[in-house]
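Participant: The following block contains the structure, expressed as structure tokens.
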Amino acid sequence: MNQVKLLPEHIIDQIKAGEVIERPATLIKELLENSLDAGATKIKIEILGSGMDVISIEDNGHGMSHDDLPLAFCRHATSKLEQFNDLYKLRTYGFRGEALASASSVSKVTCYSNLKNAPRSIYKIEGGLEVSHHKEEKDYKESGTIIHIKDLFFNTPVRMKFIQSKTSEKNQINKIINAFVLTHPHVEFNVTIDELKVKYHKTTTQNLSKRIKDIFEKRNDPLDIIDLEGNYDGFTARLLLTRNSYKGNRGKFSYVFINDRVVNDIQIHKIITNSATCLWNFNQTGSYCIFIDVPTDQLDVNVHPNKTVVKIFQAPKLFSLISSLIKQFQSKELRSHNDESQEQKDFSSLDLKKDLSEVSYKEQDFNTTSLQSYFDNLDNKVIIKEPSTNYIYSDEILSILRADEKNSMILINNKKLYLFHLEELLKKKDIETTPLLISEPIELNKKYDYLLDSIDDLGFELDRLDESTLALRSYPASLKELPYLELLKLFIANIKKSKDLFYFSQKDFSPAKIPSSILDTTLKKYGKSKLLELGIIRIVTTKSIMKEFL
């Protein structure tokens, strides 16, 4: 057997770096947190090559002395903690002393820093090894720090394969920068990403709506923002919602901030989007930013290396506060709630009578065996039967009707099923992928290569083999129990015709395009109750559906 050995420090540093720095955006997040913790009121950001070539952050924070500068690049060196209990009193972003150590172990770093009225210290470190450390003779009137990072992951090339397309990485960088621009309106940001320059002037927290519009508003789509605020038992929440709504994720933004820290919290996201349905157009969702303040002793931020996942000790109080803010607003200004569920509205609003052929319904014996023949008598323009399965597809209502036990039927909404899988992928900030031991071939002509960025954003890694064939190298880990290959082909087929993953038409998106295996595995994985809650399926008796048909 191999002898147990201690890992060398440089390998430990590279392993730890992988936990903290997954991609350029996470490194930028750590650097901006350092600048803001240092009290910066002006921050200049320059990015080249989607962060892989150059990341430069300059701030006017309080800076570091000549002696402290190299210590900042040592692992677990911090000025924020003295004892374990300090973890539950934090109001700063950084505290573990891992960001700079991680960055220096997988890149080439040059850092300039000085205190007020003191000379500037210059420290260079590459791949975790110190190159030089010296200081200038000139004194600088203002304090500050400049950090240049070049050639990210130059000494860990294996990590390169996990980096997504340039467009995807740039989108992640923009999302991170926007988060800090939103939470720090009193700070001036000058941002240059691959020669595209944007400046955000200082403003106030009272003027957050303006800063949101500065970032997200488009000329042809002015944002209509609702500003809600409330508190309950020590928890405070400010929620800014748009009345604008869209299908899919295009043009939308969603940010959750807890104590000015951007976090990923699917529960809060679901509470907001489910509660605010009356604000938005049918089958669409809008955008939001929520700023939550939680007592520090009720929050644990030491859950994830990136600190994007937090634990709230009395979360139900916060959830109640958020939902009540939206409900109180709706009761005053929005249209009254309809007792009928959204799924029922969707189904019952269809005028099926005019699309049905003259059939003697009363003579039909609606048991499971004769149900198929009943639908066979309907107008072929409405009902399309796929002979290879037991499903019956309707182009008109984009639903699938399937006989179930006890004379009931499962109605599966094709469009919602498609969007469910699509949005499950797109809502994840960092998509975890699973590599394939044997690559799967995908037929796609080279003229459609413009689609690859959109597919890459979903977590599918594809390589071009020849003019007509791609190789699928890895797929989203969340699809492990699902027919990921069929889903990928479905996404490609839809975007090939419509040039938009979220666009549908009767011509371009036929219900028969969804294989029955996707329906079966989705039901198996998520269960009927989950899909009922999401409106993907609906269970009805033959008696009740006859009333709606007739």
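Read-outs: derived from the displayed coordinates by stated rules, not from any lab. Being a predicted model, the structure only gives us computed values, none of them experimental. Please note: Cβ atoms are built from the backbone with ideal geometry, for glycine as well, and neighbour counts cover all protein chains shown.
Participant: As a test of understanding, state the convex hull volume per residue of the stretch 205-333 from its alpha carbons, in Å³.
Facilitator: Per residue, the Cα convex hull of the stretch 205-333 comes to 117 Å³.
Participant: Would you please report the Å³ per residue occupied by the convex hull of the alpha carbon atoms in the stretch 185-236?
Facilitator: Numbers: hull volume 5.8 nm³, N = 52.
Considering the Cα atoms of the stretch 185-236, their hull volume per residue is 111 Å³.
Participant: Can you list residues whose amide H is under 5 Å from LEU444's amide H, if they're 5+ apart or on another chain and H is modeled 1.01 Å from N?
Facilitator: Amide H to amide H, under 5 Å and 5 or more residues apart or across chains, LEU444 pairs with THR469, LEU470.
Participant: Still on this model: Starting at the first residue of the stretch 259-268, write each ³J(HN,Hα) from the Karplus equation 6.51 cos²θ - 1.76 cosθ + 1.60 with θ = phi - 60°, in whole Hz, x for Gly and Pro.
Facilitator: Values per residue, Gly and Pro as x: 6, 6, 10, 6, 9, 9, 9, 5, 5, 5 Hz.
Participant: Something else now. Arranged by the count of other C-beta atoms within 10 angstrom, fewest first, what order do HIS269, HIS201 take?
Facilitator: Going from least to most buried by this count: HIS201, HIS269.
Participant: For ARG243 and PHE319 in one chain, what is 0.36 nm times their gap in residues minus the Cα-Cα distance, to one decimal in nm?
Facilitator: Using 0.36 nm per residue and subtracting the Cα-Cα distance, I get 25.2 nm.
Participant: Binned at 10 Å from 0, what are the whole-percent values of the Cα-Cα distance distribution for the stretch 128-183, short to long?
Facilitator: In order of increasing distance, the bins hold 14, 30, 29, 23, 4 percent.
Participant: Would you please put 256-264, 67-75, 283-291 in order of how densely packed they are, using the mean number of other Cβ atoms within 10 angstrom per residue and starting with the highest?
Facilitator: Ranked by mean Cβ neighbours within 10 Å, highest first: 283-291, 256-264, 67-75.
Participant: Hey, what does the equivalent ellipsoid look like for the stretch 173-269, semi-axes from the Cα gyration tensor as sqrt of 5 times each eigenvalue, largest first, whole Å? Numbers along the way, then the final one.
Facilitator: Values: eigenvalues 98, 62, 41 Å².
Listed largest to smallest, the semi-axes of the stretch 173-269 are 22, 18, 14 Å.
Participant: LYS447 to LYS202: extension gain in nm, 0.36 nm per residue of separation minus the Cα-Cα distance?
Facilitator: Values: separation 245, 0.36 × 245 = 88.20 nm, distance 4.58 nm.
Result: 83.6 nm gained on full extension.
Participant: R0 = 45 Å: FRET efficiency of LYS218 with GLN3, Cβ-based, nearest 0.05?
Facilitator: Rounded to the nearest 0.05, the efficiency is 0.15.
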